[in-house]
Amino acid sequence: MQPLHARYPFLAAAREAVEAAAVDLGEVVATDDAVTQRALERVERAITDGTVGEPHRRTRVELLSYPVARVLVSLVDQHVCTRKYARAEAEAAREQFSTEFEATTEFKSTQSQRIELRDLLAEFDLSGSVHEAETGYWVDVGAYLDLAADQRGDQWRLVNRPLADGRVRIAAEELHVLLKQAIRHRVTDGLPFDVPDAIASELDEEVDHLQEVLAELDLTREIDTVVPEMFPPCMQALLDQVQKGEHLEHHSRFAIAAFLTSIGMTTDEIVDLFQVNPGFGEEATRYQVDHIRGDTSPTEYSTPACSTMVSYGDCVNKDDLCERISHPMAYYEKKLDDAEDDDLVDWREENGESGEDEADA
Ligand code: SF4
């Protein structure tokens with residue numbers, strides 16, 4: 001097992017190394033606590049801060065923690081966990097390979113295990129699709145579309161790209177983003193999978209812990225995407241009323257403002273959105289939104305659950321998904337999860353608001 005494999009455990013060669021060592025994962029989780037704990041750290045940190053934590057000093061522990069982390073993600077079996085985990089692994093890899101690509105010649109000679117761009121391109125069958133340009137690269141349009149499809153931001157749209165002979169021009173850093181995407185696909189591939197009972201039972205405690213971490217997760221930190229078409233029916237209806245200039249009861253106004261705050265909109269953006277409605281004075285709206293956010297009150301208010309929405313008569317136009325959730329935020333989260341990333345055009349991007357460009361998210 002080589003350090004390179006531990007740094008890039010998603011590589012086919014790393015998997016082969018684990019197979020060649022005839023490692024029995026059941027035995028590993030039963031006997032090697034260091035591996036299990038590092039695997040748990042990988043997943044927990046992915047959920048909480050989008051990283052996979054610091055590598056373990058022992059190559060074997062670090063490498064084996066990757067397949068065990070995949071087992072944990074499979075046992076947790078929640079889309080948000082799988083997505084965050086794949087994203088964190090891909091980001092960790094991007095940081096690592098960017099550093100290694102940039103390493104000086106001097107450094108190269110001492111680190112024979114450095115990964116090179118051509119290795120990663122070959123790993124993802126991209127060698128024939130990426131061509132060096134004077135600055136940056138030309139990427140065959142098929143490969144580009146495949147990997148840039150999930151990127152948000154106008155700069156990734158094909159129409160905004162130099163295009164010649166079926167190739168798209170990109171900068172070197174953008175190639176890193178595309179490689180990161182290829183890694184994310186690789187990590188996501190096959191997740192979640194069925195885990196044999198014997199292995200699952202050894203990891204009960206870790207899985208319970210991860211479930212708790214997920215339950216405590218503040219969805220507002222995860223969702224920073226404003227796609228009104230994906231809003232739950234109740235919020236779509238309230239937003240519609242706001243935009244038509246209709247009067248909203250205090251509880252309805254609170255519900256929509258809390259929801260928009262929870263999905264990451266700033267006070268200014270909400271004020272802008274509400275301003276079409278003459279019933280919403282800017283100052284009053286600003287005060288209410290700041291209050292909900294906790295800026296002008298000791299409490300940060302969250303979006304009402306469906307049961308509260310029902311009791312106030314704000315639950316309208318229920319659809320099939322509504323039958324499976326109990327909170328408007330859960331509805332929105334599920335919709336975003338299930339959507340093709342192409343469909344997720346952030347309202348703020350379309351309207352030139354300050355929403356962050358998530359091209360590298
Ligand atoms: S069930 Fe919940 S999410 Fe669906 S419309 Fe009613 S309140 Fe909104």
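The values are calculated or read from the model by the stated rules, or taken from the named source; none is laboratory data. Owing to the predicted nature of the structure, the values given are computational and were not obtained by experimental measurement. Cβ: placed from backbone, ideal geometry, glycine included. Neighbour counts: every protein chain shown. Accessible surface is based on the protein model in full, side chains and every heavy atom, while ligands, DNA and RNA are left aside. Shrake-Rupley method; radii C 1.70, N 1.55, O 1.52, S 1.80 Å.
Key figures for this structure:
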read-out: Cβ-Cβ under 9 Å pairs, at least 6 apart or on other chains, the range 243-262 side under 18 Å from Pro232 (Cβ atoms), far side among the β-branched types (Val, Ile, Thr) and open to solvent by 20 Å² or more (accessible area, probe 1.4 Å); value: Gln243/Val276; His251/Thr308; Ala255/Thr308; Thr261/Thr220; Ser262/Thr220
read-out: All positions within the range 62-96 that are surrounded by 22 or more Cβ atoms within 10 Å (Cβ to Cβ) and farther than 29 Å from Ala339 by Cβ; value: Glu62, Leu63, Leu64, Ser65, Val68
read-out: Test: residue in the range 124-139 that is assigned to a helix (DSSP H, G or I) and small (Gly, Ala, Ser); value: no
read-out: Qualifying residue in the range 298-320 (condition: within 16 Å of the ligand (Cβ to nearest atom) and modelled with pLDDT under 85); value: yes
read-out: Thr51 vs. criteria outside any helix (DSSP H, G or I), closer than 21 Å to His209 by Cα and of a type in the set (S, T, N, Q); value: yes
read-out: Selection within the range 148-189 - open to solvent by 50 Å² or more (accessible area, probe 1.4 Å) and not acidic (Asp, Glu); value: Gln155, Arg157, Leu158, Val159, Asn160, Pro162, Leu163, Arg167, Arg169, His185, Arg186, Thr188
read-out: The one condition in (1) farther than 19 Å from Arg114 by Cβ; (2) within 21 Å of the chain's Cα centre (by Cα) that Ala92 fails to fulfil; value: (1)
read-out: Residue match in the range 35-50 (condition: open to solvent by 20 Å² or more (accessible area, probe 1.4 Å) and out of contact with any helix residue (DSSP H, G or I) (no Cβ under 9 Å at 6 or more places or on another chain)); value: no
read-out: Residue in the range 167-193 that is farthest from the chain's Cα centre (by Cα), counting only those that are outside any helix (DSSP H, G or I) and not small (Gly, Ala, Ser); value: Arg167
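Yes/no matrix, rows are residues, columns are (1) within 16 Å of the ligand (Cβ to nearest atom); (2) outside any loop (DSSP other than H, G, I, E, B); (3) crowded, with 20+ Cβ neighbours inside 10 Å; (4) modelled with pLDDT under 80:
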{"position": "His209", "(1), (2), (3), (4)": "no, yes, no, no"}
{"position": "Leu214", "(1), (2), (3), (4)": "no, yes, no, no"}
{"position": "Leu238", "(1), (2), (3), (4)": "yes, yes, yes, no"}
{"position": "Gly264", "(1), (2), (3), (4)": "no, no, no, no"}
{"position": "Glu269", "(1), (2), (3), (4)": "no, yes, yes, no"}
